[in-house]
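The values are calculated or read from the model by the stated rules, or taken from the named source; none is laboratory data. These numbers come from a predicted model, not from an experiment. Reconstructed Cβ throughout: ideal geometry from the backbone, glycine too, with neighbour counts over all protein chains shown.
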């Protein structure tokens, strides 16, 4: 079977390459002509580990800019287009609707085809997509991935759970076979309605943000009590309780990136629409912002001789080229505006982004490691 994938971004290309490596013919589409050309030449630039190697190994992989070609040639089509946040916190799924319209405009025989929505959507969106495609005999399935930028390939191969919403028995069995070929070990399976699966996707990340904020709150309390040196020891002891667990229970900058903050707001938006006041999510979001201010004041207090500050990275996560809602980036900017010199030693793509940020057009921002003779305070949580 040839599997199609619409939207070959950071996640899409990783999933497509792993599906091809699992033994399937794969046809992907993307709106960027130069990127499509690079995929077909097996030459793209990315900070994501393993992608370039996997691309060079492909034998049954092809890219196109034409969604209609994917719909015409493939019976199983995964949609991984961008769903940016709206002002109210909900997801803008216009790009998914465009794919739905592509199906409706297709001259291919659509009956029996499956559209798998893999991007994050609002609970209830997939039901609406299904209503529009019912007449054509197209089934809509929701199948989000739980990954982190910088480790996408590894995360896809070692999923804790594969979540499948709305699949009939035949589709469910096919997806189990496909994922079992990709996985390094058998995953747990979550099968439910599309709306329930959409809710699970954002709720999982909301729990993660709550756990991160709780760990940082404990850390702030310990700093206030003069117990700075035992923060890790205390959090490890808390996490050793099997009801809690140690994952994501670490004192640090806070949560950021392209997923966690907006999933938290999306959950609050959906809760409001069904008449539930989501105070916990608002509190978590607000605490994360206040924690950035706490860190700024903490490091200024530690810097008694007006030394420079040194950041090994300011991307939201080391090994990525993403500044989206990065707490460490926010801290760096705040310290610059307080009059301190900051050295940033990050990947070239991050440095290029910093040089283009008009807020950072100051002489106090330095790139690379600080000179050996200069005393600096390293910030590396």
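Numbers below:
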item: Residue selected from region 70-89 under the condition outside any loop (DSSP other than H, G, I, E, B) and in contact with a strand residue (DSSP E or B) (Cβ under 7 Å, 6 or more places away or on another chain), by the criterion surrounded by the fewest Cβ atoms within 10 Å (Cβ to Cβ); result: 73
item: From 227, 235, 323, residue being free of Cβ contacts under 8 Å to residues at least 40 places away in the same chain, out of contact with any strand residue (DSSP E or B) (no Cβ under 6 Å at 6 or more places or on another chain) and either in the same structural domain as residue 10 (by TED's automatic domain parsing) or closer than 23 Å to residue 339 by Cα (or both); result: 323
item: Checking residue 278 against (1) modelled with pLDDT under 95; (2) at positive phi, the condition it does not meet; result: (2)
item: Identity of the residue in region 345-381, free of Cβ contacts under 8 Å to residues at least 12 places away in the same chain and within 16 Å of residue 312 (Cα to Cα), that ends up surrounded by the fewest Cβ atoms within 10 Å (Cβ to Cβ); result: 372
item: Filter pass, residue 39 being farther than 27 Å from residue 102 by Cα and either buried (at least 16 other Cβ atoms within 10 Å of the Cβ) or over 23 Å from the mean Cα position of the chain (by Cα) (or both); result: no
item: Number of positions in region 135-161 that are assigned to a helix (DSSP H, G or I), touching a helix residue (DSSP H, G or I) at 6+ places or on another chain (Cβ under 9 Å) and touching a residue at least 24 places away in the same chain (Cβ under 8 Å); result: 5
item: Looking only at region 240-269, and only at residues there that are touching a residue at least 40 places away in the same chain (Cβ under 8 Å) and more than 18 Å from the chain's Cα centre (by Cα), the one that is surrounded by the most Cβ atoms within 10 Å (Cβ to Cβ); result: 268
item: Selection status of residue 20, more than 20 Å from the chain's Cα centre (by Cα), surrounded by fewer than 21 Cβ atoms within 10 Å (Cβ to Cβ) and either in contact (Cβ under 8 Å) with a residue 60 or more places away in the chain or assigned by TED's automatic domain parsing to the domain that holds residue 148 (or both); result: no
